[in-house]
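> Before I ask anything, let me first share the structure, which is written out below as structure tokens.
The values are calculated or read from the model by the stated rules, or taken from the named source; none is laboratory data. Treat the numbers as computed from the prediction; the structure is a model and nothing was measured. All Cβ positions, glycine included, derive from the backbone under ideal geometry; neighbour counts span all protein chains shown.
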């Protein structure tokens, strides 16, 4: 008993010493912070309320997460609310995505597009024997045209903005789902090729991956990229929805050796693309580049833009018709003000560019007016992560829809808003190996596949409800628009088709 008594008292003594040491360290820390705070002049709160004032900045940082998990209602959070994130998570995990008791979405909210169900919806069994129509790009103009049956694809996400495991998972998932993946302006990395998916190579304003030593477009490097069988099309990026008029931004801490060699830039230096192509100064310059890239690569070539000022569309159409249809882009990727990115000036991301429900019909109708609608296909992008957004874009006139952030959620994104800081907790937008190790490309690829397939399944479900077997046949006659007073207006009345 004496030995046990001595042992217990020894343990208590050690615990007391540890506790006293911790208290002493705590007091020393508080004293040091107090001295630092009262002597600094950067933050008034800390100087007037030393130590305690630091809690203000802690709660400000943590408020993002507290609101997301504890305070925000299902439909009120931005940029994506809990209802949206929850549906994507269930779709990616391939589990039941039905809901009970009624919708939490206010259907009389001005600006909503709602769909008109048919008295005689199409039977799912009818769709099983549907002779699907391919969407073909560059037929008759590119030596190697491309066709797809999917109306939903992965939008531009570069290696650099995203991590290697994330790119690999997207590539594998896209291949399994049979959809396209746009490389983004950061050039073609080994991870894009890893999964064997069909790719769209994006040529950004800095021409990463296809630039010569002076930063100009290089035909030899274009051919080298086109030699990859997986690269099916090329896209010349003019602007993107989150930051129209601003080039890509990749912080230097994310520019690793491989990223630098892939893009052709220095290691560890901020990668800032020009805010437009320095060699495109007119419509003719743009059409010249389209023809050049198509001739060099033999593959379809399109352009990506967010619509702002629109008067140029008439000159665009007239110039193509005067030069000949071989000058036209094979597709237009129309981004919108709802678009996102890992890093953008807030003035641009909040205030510049037009939303999709306006810009899609403007561009589509201008193509109809100039007799170019059959020649030029239209991709739409910008916050279309749910079946609603995809069906709305198809109804407005788009041929296909691209999504980036939807697939990021499928990878496990928790909307931590750390994309531009190399501290993404899910390993998606960071190049920190410790954070990347949590992202398993194989398991996440399966979620990417499930998300794409379940999206297409639910898009088809809505189309069948509208009396349409193939989502490609959706039009403005199948929807209505909620006006400012909460009453519905047929979408075809709001955006009537022009005479072609």
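> For segment 214-229, give me each residue that is out of contact with any strand residue (DSSP E or B) (no Cβ under 9 Å at 6 or more places or on another chain), surrounded by 13 or more Cβ atoms within 10 Å (Cβ to Cβ) and in a helix (DSSP H, G or I).
Within segment 214-229, 219, 223, 224 qualify.
> Would you confirm whether any residue within segment 402-422 is over 18 Å from the mean Cα position of the chain (by Cα), more than 24 Å from residue 179 (Cβ to Cβ), assigned to a loop (DSSP other than H, G, I, E, B) and without any contact (Cβ under 8 Å) to a residue 60 or more places away in the chain?
There is no residue in segment 402-422 that is over 18 Å from the mean Cα position of the chain (by Cα), more than 24 Å from residue 179 (Cβ to Cβ), assigned to a loop (DSSP other than H, G, I, E, B) and without any contact (Cβ under 8 Å) to a residue 60 or more places away in the chain.
> Out of everything in segment 416-430 that is surrounded by 16 or more Cβ atoms within 10 Å (Cβ to Cβ) and at pLDDT 85 or above, what residue ends up being nearest to residue 344 (Cα to Cα)?
Looking at the filtered set, the residue picked out is 429.
> I'd like the full set of residues that are closer than 18 Å to residue 88 by Cα and outside any helix (DSSP H, G or I), limited to segment 432-453.
439
> What is the number of the single condition among (1) under 27 Å from the mean Cα position of the chain (by Cα); (2) buried (at least 17 other Cβ atoms within 10 Å of the Cβ); (3) touching a residue at least 24 places away in the same chain (Cβ under 8 Å) that residue 122 does not meet?
Single failed check for residue 122: (1).
> Restricting to segment 322-337, name every residue that is surrounded by 20 or more Cβ atoms within 10 Å (Cβ to Cβ) and either closer than 22 Å to residue 407 by Cα or out of contact with any helix residue (DSSP H, G or I) (no Cβ under 7 Å at 6 or more places or on another chain) (or both).
330, 331, 332, 333, 334, 335, 336, 337 - these are the residues of segment 322-337 that are surrounded by 20 or more Cβ atoms within 10 Å (Cβ to Cβ) and either closer than 22 Å to residue 407 by Cα or out of contact with any helix residue (DSSP H, G or I) (no Cβ under 7 Å at 6 or more places or on another chain) (or both).
> Kindly list, by first and then second residue, each pair from a residue in segment 27-42 that is assigned by TED's automatic domain parsing to the domain that holds residue 53 to a residue that is in a helix (DSSP H, G or I), limited to pairs with Cβ atoms under 7 Å and residues at least 6 apart or on different chains.
37/46; 37/47; 38/47; 40/46; 40/47; 41/47
> While we're on this one: Of the numbered conditions (1) surrounded by fewer than 23 Cβ atoms within 10 Å (Cβ to Cβ); (2) touching a residue at least 24 places away in the same chain (Cβ under 8 Å); (3) on the phi < 0 side of the Ramachandran plot, residue 267 fails exactly one; give the number of that condition.
(2)
> For segment 385-401, give me the residue count where each residue is under 17 Å from residue 149 (Cα atoms) and either within 13 Å of the chain's Cα centre (by Cα) or assigned to a loop (DSSP other than H, G, I, E, B) (or both).
Matching residues across segment 385-401 total 4.
Each row is one residue, and each column tells you yes or no for (1) under 26 Å from residue 157 (Cβ atoms); (2) part of a loop (DSSP other than H, G, I, E, B); (3) over 21 Å from the mean Cα position of the chain (by Cα).
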position: 266; (1), (2), (3): yes, yes, yes
position: 269; (1), (2), (3): yes, yes, yes
position: 275; (1), (2), (3): yes, yes, no
position: 279; (1), (2), (3): yes, yes, yes
position: 322; (1), (2), (3): no, no, yes
position: 337; (1), (2), (3): yes, yes, no
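> If a residue counts only when it is farther than 30 Å from residue 258 by Cβ and not assigned by TED's automatic domain parsing to the domain that holds residue 341, which strands (runs of 3 or more DSSP E) contained entirely in segment 123-162 have at least 3 such residues?
none
> For segment 180-206, which positions are surrounded by 24 or more Cβ atoms within 10 Å (Cβ to Cβ) and either within 15 Å of the chain's Cα centre (by Cα) or not assigned by TED's automatic domain parsing to the domain that holds residue 219 (or both)?
181, 182, 183, 184, 185, 186, 200, 202
> Kindly indicate which of 174, 169 is closer than 18 Å to residue 427 by Cβ and either in a helix (DSSP H, G or I) or within 15 Å of the chain's Cα centre (by Cα) (or both).
169
> Name the residue, out of 398, 392, 404, 452, that is closer than 16 Å to residue 159 by Cα, in contact with a strand residue (DSSP E or B) (Cβ under 8 Å, 6 or more places away or on another chain), surrounded by 24 or more Cβ atoms within 10 Å (Cβ to Cβ) and modelled with pLDDT of 90 or more.
404
> Going through segment 73-122 one residue at a time, which ones are outside any loop (DSSP other than H, G, I, E, B), within 24 Å of residue 473 (Cα to Cα) and out of contact with any helix residue (DSSP H, G or I) (no Cβ under 7 Å at 6 or more places or on another chain)?
Within segment 73-122, 114 is the sole residue that qualifies.
> Does segment 466-489 include one or more residues that are at pLDDT below 90, crowded, with 19+ Cβ neighbours inside 10 Å and within 25 Å of the chain's Cα centre (by Cα)?
no
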